[in-house]
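Enquirer: This is the structure, below, for whatever I ask next.
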Amino acid sequence: MSIAESQALAVAETVPYRREIPRSWRIAKRITDIIVSLVVLTVLFPVLLLAMAAIVLVSPGSPIFMQERVGENGRRFKMFKLRTMIDGAHLMLDDVRHLNEVDGPVFKVRNDPRLHLLGPLLRRTSLDEVPNFVNVLLGDMSIVGPRPPLPEEVEHYDVRATVRLTIKPGITCLWQISGRSNISFDQWVELDRRYIETWTPWGDLLLMLRTIPAVLRGDGAH
């Protein structure tokens, strides 16, 4: 384990509250994750191929972007996404940091100048997040859970925010259906805490269904 991973795990272990989850619920969640992920990837595979080809046409470089994220108990993993920015955009973060439109340790900007031609469309439709389902199959993520943070974001977490690291991160969550980037970081953390303290297998299914209209509306998707 690297020093950075040890630090992230130490942060996660400072969380004062850990909910006891029935083993049957964990099994049901994992089975649901696998089945839904296989269905989504199978159905959307042709769309993914077209999107990847289009990305290569408008912006040289790999159409798949891999980024290190922090998961359950501070474990780091590579998250897969469709690339929405020009190749090497992560190296330009300091140049655009002043454009940040949200509070807290996260960085989000509506009209990021690093986006390539198809970037806004991919984000608005959430197509860029479809490769996350591969992470679900690998066991790094779940379909429902807090969005996985960047390591540099976790470095600025207080004890209240570190509760987000006590379960697997997810593709969708209460934040995803509540306006996403249109709400504050404190509200985001509170929504994640509410989910962690109250989730059930059937509640996850309902949240998945509520995600569909939220994605179609594209509220806060940038």
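Enquirer: If you scan segment 140-188, which residues turn out to be free of Cβ contacts under 8 Å to residues at least 60 places away in the same chain, closer than 26 Å to Leu93 by Cα and of a type in the set (Val, Ile, Thr)?
Expert: Ile171, Thr172, Ile183
Enquirer: Can you tell me which residue among Asp204, Asp192 is closer than 24 Å to Asp103 by Cα and touching a residue at least 24 places away in the same chain (Cβ under 8 Å)?
Expert: The conditions single out Asp192.
Enquirer: I'd like the full set of residues that are touching a Pro at 6+ places or on another chain (Cβ under 9 Å) and of a type outside the set (Phe, Trp, Tyr), limited to segment 194-213.
Expert: Ile196
Enquirer: Next question. Check Ile55 against each of (1) in a helix (DSSP H, G or I); (2) touching a Lys or Arg at 6+ places or on another chain (Cβ under 8 Å); (3) modelled with pLDDT under 95 and name the one condition it does not meet.
Expert: (3)
Enquirer: Got at least one residue in segment 145-153 being in a loop (DSSP other than H, G, I, E, B), buried (at least 22 other Cβ atoms within 10 Å of the Cβ) and of a type in the set (Gly, Ala, Ser)?
Expert: Scanning segment 145-153, I find at least one residue that is in a loop (DSSP other than H, G, I, E, B), buried (at least 22 other Cβ atoms within 10 Å of the Cβ) and of a type in the set (Gly, Ala, Ser), so the answer is yes.
Enquirer: Give me the pairs: first residue in segment 42-63 and touching a residue at least 12 places away in the same chain (Cβ under 8 Å) and closer than 17 Å to Asn132 by Cβ, second residue surrounded by 12 or more Cβ atoms within 10 Å (Cβ to Cβ) and of a type in the set (D, E, K, R), beta-carbon distance under 7 Å, and six or more apart or on different chains, which are they?
Expert: Ile55/Arg83; Ser62/Arg83; Pro63/Arg83
Enquirer: Here is a further query. Taking segment 167-222, which residues are among the polar types (S, T, N, Q), part of a helix (DSSP H, G or I) and modelled with pLDDT under 90?
Expert: Once the filter is applied, which keeps residues that are among the polar types (S, T, N, Q), part of a helix (DSSP H, G or I) and modelled with pLDDT under 90, segment 167-222 yields Ser181, Asn182.
The values are calculated or read from the model by the stated rules, or taken from the named source; none is laboratory data. All figures in this text were calculated on a predicted structure; none of them were measured in a lab. Cβ coordinates were reconstructed from backbone atoms using ideal geometry, including for glycine residues, and neighbour counts include every protein chain displayed.
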